[in-house]
Amino acid sequence: MEVKKNLLDTIGKKFVQVGLPRELFEKNRFNLLVDRNKIVVRYPAPGVRSEVIETPTGVKTKVYVEPGTKLEEPVILCFGAAETTEVQTTEGEIIVGEGADVKFQVYGAMAEGIKLKHENKLKVRVEKNARFEFLDLHYNGEETFVELETETDAYVGENAYFRSIFKQTRGRAGRVRIVLKANVDKKGVAVFETKMIGKKDDEIYVEDVIHLNGEESRGISKSRIIAVDETKATFVGETYGNAPKCRGHIDCSEVIRGKDVVVKAVPVVVVNDETAKVTHEAAIGSIDKKQLETLMARGLTEDEAVDVIVQGMLR
Amino acid sequence: MNPILTVNSVKLTINGKPILKGVDLVVNKGEIHAILGPNGAGKSTLAALIMGINDLKEPTDGEIIFRDKLLNGLEIYERAKLGVTLAWQDPARFEGITVEEYLKLSGRNNPELDVVECLELVGLDCNYLNRFVDETLSGGERKRVELASILAMRPELAVLDEPDSGIDFVSMEDIANMIKTMRERGTTVLMITHREEIAEIADRATLMCDGKVVQTGSPKEVGQKFKTMCVKCEVRNPELVGGE
């Protein structure tokens, strides 16, 4: 176990301020915590082997979950920046061995008021009969400005399950480009969910691409983007039904609030097999009036009611 | 007589069309008051004006007074803070909000709030606390949760718009009992309905037709009038009974 205690306390204060749960620091629940390009905490999880290397601008990680590993508690990682830095790059590879069942809870924390560009590239391989959930939680301050470019490329093996959830529900999004790709093998399942809120002049671009290559494979791509003020947001969901009896669905429901908001949803559905089926639904609109009035009839002001509805959608 | 809600000569015209044509109504504190009438009578419009929903913050003419406060022009939440609320005929669904959270939001100013008890009073057990108030609830369950939220809030006046709609006959008795419980807990109930069976639980009833009050009296008298007069009228004057 490697812990730089004083550094952890200093970073903890800044990350808790932007919304990270305090108990993560109080109980030092991290398996890996990185501030810019420095490893602050490293603590192995059972059945999970990892290599982490500091680079001039960030870290490179390789994680291997041994076959058959089943963990009840999530593996907790945090890649953040407590101070302004020009660029932070994280590069990673995660292999989840055959029959394993694990969850990774990954926190991206950018302290209040800082500016930086964060580049992330991740390769994921979920082997046969394995189950992997990747919860990517982002916390930025209201005065933080982050330019985030993240690309995940996943392979989902036979009868395997991969779920990736990207959430940024408080603070500013900044300028964000998220690309998630999956190639799904026979009877495999890929689920991509993105839940974000954009404020002021934030720019959000989300692209989900799922190739259903194996027979009876399944894919779901779901986005919930709340765009406020002058936010520009685009969601592109592409699902390719390339194999017999595969099933895909794209579900985007975006909410706009503010007259200068621009939101675009682009579902792309391609089917190359007559027994495959891919569907989509897209809705962009303001907050549902009846929901708003119902909460106001219980005594909430309009702003309070909007907050409750939005946080529910982003849950 | 202790009026809690007074509707004085309320008129409402929308796009040049008169919807309410001088409605007078008094609801006394502690009573269950039913408003009966055929579709298109203006019942739900009156309920919307009382709560200020659907952009109906004030009537074209007349006044709506709750206790001694004029409601005309007030925001929805201001009316709620005074002690008025409304349960919708077809309540809203909320993604990502649990029944427990919804009840706690509704009852956040009720120091004696007990969400489990509120659920039990509407015939739902505590397993519903973790359910989402979304499409996964059936129509009947959602309706019960809505009534539970009124019990949680414990307002002085609850306007219930068609609490019996979408409810099967067996559950009607349950709904009637829930409304009585509301009253026992200090809430005056103004209930909009077009079914005289449910109106029978009221202390008094008012019959509306074509944007006007026709009669106020005992539920039996008013129900009888509704059955004899309005049903025939619907046949004779189908233009009076359009959707609301």
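The values are calculated or read from the model by the stated rules, or taken from the named source; none is laboratory data. The model shown is predicted, which means the values in this text are computed figures rather than measured ones. A quick note on method: Cβ atoms are made from the backbone with ideal geometry, for glycine too, and the neighbour counts reach across all protein chains shown. To get the accessible areas, we keep the full protein, side chains included, count just its heavy atoms, and leave off ligands, DNA and RNA. Shrake-Rupley method; radii C 1.70, N 1.55, O 1.52, S 1.80 Å.
Give just the number: which of (1) assigned to a strand (DSSP E or B); (2) at pLDDT below 95; (3) out of contact with any Gly (no Cβ under 8 Å at 6 or more places or on another chain); (4) away from chain B (no Cβ under 11 Å) does A:Glu238 not satisfy?
Against the list (1) assigned to a strand (DSSP E or B); (2) at pLDDT below 95; (3) out of contact with any Gly (no Cβ under 8 Å at 6 or more places or on another chain); (4) away from chain B (no Cβ under 11 Å), A:Glu238 comes up short only on (2).
Mind checking which residues of segment A:156-191 are of a type in the set (S, T, N, Q) and part of a strand (DSSP E or B)?
A:Ser164, A:Gln168, A:Asn183
Do we have B:Thr85 as assigned to a strand (DSSP E or B) and within 14 Å of chain A (Cβ to nearest Cβ) here?
Details: assigned to a strand (DSSP E or B): yes; within 14 Å of chain A (Cβ to nearest Cβ): yes.
Spelling it out, B:Thr85 is indeed assigned to a strand (DSSP E or B) and within 14 Å of chain A (Cβ to nearest Cβ).
Report, by residue number, each residue of segment A:283-307 that is more than 9 Å from chain B (Cβ to nearest Cβ) and either open to solvent by less than 20 Å² (accessible area, probe 1.4 Å) or not in a helix (DSSP H, G or I) (or both). I'd like the intermediate steps shown before the answer.
Step one: list which residues in segment A:283-307 are more than 9 Å from chain B (Cβ to nearest Cβ), which gives A:283-287, A:303, A:306-307.
Hits for segment A:283-307 are A:Ala283, A:Ile284, A:Gly285, A:Ser286, A:Ile287, A:Val306.
Residue by residue through segment A:13-42, note down the ones that are outside any loop (DSSP other than H, G, I, E, B) and crowded, with 20+ Cβ neighbours inside 10 Å.
Answer for segment A:13-42, where residues must be outside any loop (DSSP other than H, G, I, E, B) and crowded, with 20+ Cβ neighbours inside 10 Å: A:Lys14, A:Phe15, A:Phe25, A:Leu32, A:Leu33, A:Val34, A:Asp35, A:Val40, A:Val41.
Condition first: more than 27 Å from B:Leu207 (Cβ to Cβ), surrounded by fewer than 21 Cβ atoms within 10 Å (Cβ to Cβ) and touching an Asp or Glu at 6+ places or on another chain (Cβ under 7 Å). Can you find one or more residues in segment B:58-74 that meet it?
Yes, segment B:58-74 contains at least one residue that is more than 27 Å from B:Leu207 (Cβ to Cβ), surrounded by fewer than 21 Cβ atoms within 10 Å (Cβ to Cβ) and touching an Asp or Glu at 6+ places or on another chain (Cβ under 7 Å).
Report, by residue number, each residue of segment B:29-57 that is within 14 Å of another protein chain (Cβ to nearest Cβ), under 18 Å from B:Pro163 (Cβ atoms) and either of a type in the set (Ser, Thr, Tyr) or outside any loop (DSSP other than H, G, I, E, B) (or both).
B:Ser44, B:Ala47, B:Ala48, B:Ile50, B:Met51 - these are the residues of segment B:29-57 that are within 14 Å of another protein chain (Cβ to nearest Cβ), under 18 Å from B:Pro163 (Cβ atoms) and either of a type in the set (Ser, Thr, Tyr) or outside any loop (DSSP other than H, G, I, E, B) (or both).
Can you tell which of A:Glu112, A:Glu142, A:Glu215 is touching a helix residue (DSSP H, G or I) at 6+ places or on another chain (Cβ under 9 Å), over 28 Å from A:Glu73 (Cβ atoms) and part of a loop (DSSP other than H, G, I, E, B)?
The match here is A:Glu112.
From the list A:Ala82, A:Ala111, A:Ala45, A:Ala130, which residue is within 25 Å of A:Asp185 (Cα to Cα) and of a type in the set (A, V, I, L, M, F, W, C)? Before the answer, list the steps.
Working: A:Ala82 fails: within 25 Å of A:Asp185 (Cα to Cα); A:Ala111 fails: within 25 Å of A:Asp185 (Cα to Cα); A:Ala45 fails: within 25 Å of A:Asp185 (Cα to Cα).
Only one candidate passes the filter, namely A:Ala130.
Looking at segment B:76-93, is at least one residue in contact (Cβ under 8 Å) with a residue 12 or more places away in the chain, among the hydroxyl-bearing types (Ser, Thr, Tyr) and touching a Leu at 6+ places or on another chain (Cβ under 7 Å)?
no
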